[in-house]
Amino acid sequence: MKLILIGIQGAGKSTQGNLLNENLQIPYLSTGHIFREMAKEKTPLGRYIKETMNAGYLIPDNKTLKIVESYLSRPEYEKGYIMDGFPRTAAQAQKFKNGIDKVIYLKVSDREALWRLAFRNSDGRDDETLPAIKKRIELFHKFTEPVIEYYHGKGKLIEIDGEKSIEEIHKEIMDKIGK
Ligand code: AMP
């Protein structure tokens, strides 16, 4: 099964992604994690990714698509995956030809997300500053809401109230994907 998790930062995507990974035995991956690993590389690409992430901006679509497609071509993702953080723009969604089954949108208000992030231990992640978080929320509304519309139009969207408890949300996702 190929699942996508969508929501603003702080919506609970990685919490739900890890729970789904445990219960469904499907690998979980996130573009944020992939890019953070790449940002450690002391190469021009690594430095570029680091600066872009720390400002809260998006990596360009063509680079993102190439990187994601090369990851997903690995044998461990052949049968399925739970993807967090991609597609983030309408262009990424339209160009991604990987046969997604369902897109799970964890809906929380900006206010709730900012509140949660203020108390989250981000282990000194230098892309989790308040200006970068605010930029990401702004870009979510501008670029990622059209992705939600796109999958809604394809009948693949599952919208979940992300302000419920972790257990309730997990159960609702499992019900809605038929597990
Ligand atoms: P995240 O952990 O998902 O918030 O991602 C952290 C950062 O990685 C974002 O602010 C972007 O700079 C970059 N990033 C992650 N996923 C994408 C994507 N699908 N397209 C462009 N940039 C991305």
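Summary table below
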{"read-out": "Structure-based [θ]222 nm, the chain - -39500 (n - 2.57) summed over DSSP H runs of at least 4, per residue, nearest 500", "value": "-14500 deg cm²/dmol"}
{"read-out": "Using a Förster distance of 22 Å, the FRET efficiency for residue 47-residue 77 (Cβ separation, nearest 0.05)", "value": "0.20"}
{"read-out": "Choice from 148, 137, 34 showing the highest fluctuation, given a GNM over the chain with Cα pairs closer than 10 Å", "value": "34"}
{"read-out": "Volume in Å³ per residue [convex hull over Cα atoms, computed for region 14-101]", "value": "109 Å³"}
{"read-out": "Gyration tensor (alpha-carbon) shape descriptor, region 126-179, a/c threshold 1.5", "value": "oblate"}
{"read-out": "Trypsin sites (Lys or Arg not before Pro) restricted to DSSP loop in region 82-159 with at most 16 other C-beta within 10 Å", "value": "97, 120, 125, 154, 156"}
{"read-out": "Globularity ratio of the chain, using Cα Rg and 2.2 N^0.38 Å", "value": "0.99"}
{"read-out": "Pairs from 66/102; 97/134; 79/176; 95/156 whose Cα-Cα separation, in the structure shown, is over 26 Å", "value": "97/134"}
{"read-out": "GNM flexibility winner over the chain from 53, 83, 38 (Cα, springs under 10 Å)", "value": "38"}
{"read-out": "Per-q log10 I(q)/I(0), region 73-176, q = 0.17 Å⁻¹ (Debye; single scatterer per alpha-carbon; no solvent)", "value": "-1.01"}
{"read-out": "Sparsely packed GluC sites (Glu not before Pro) within region 1-88, loop by DSSP, other Cβ within 10 Å at most 13", "value": "41, 78"}
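No lab work stands behind these numbers, since they all come straight from the coordinates. For clarity, every value in this text was computed on a predicted model and none was experimentally measured. With ideal geometry, Cβ positions are generated from the backbone for all residues, glycine too; neighbour counts draw on all protein chains shown.
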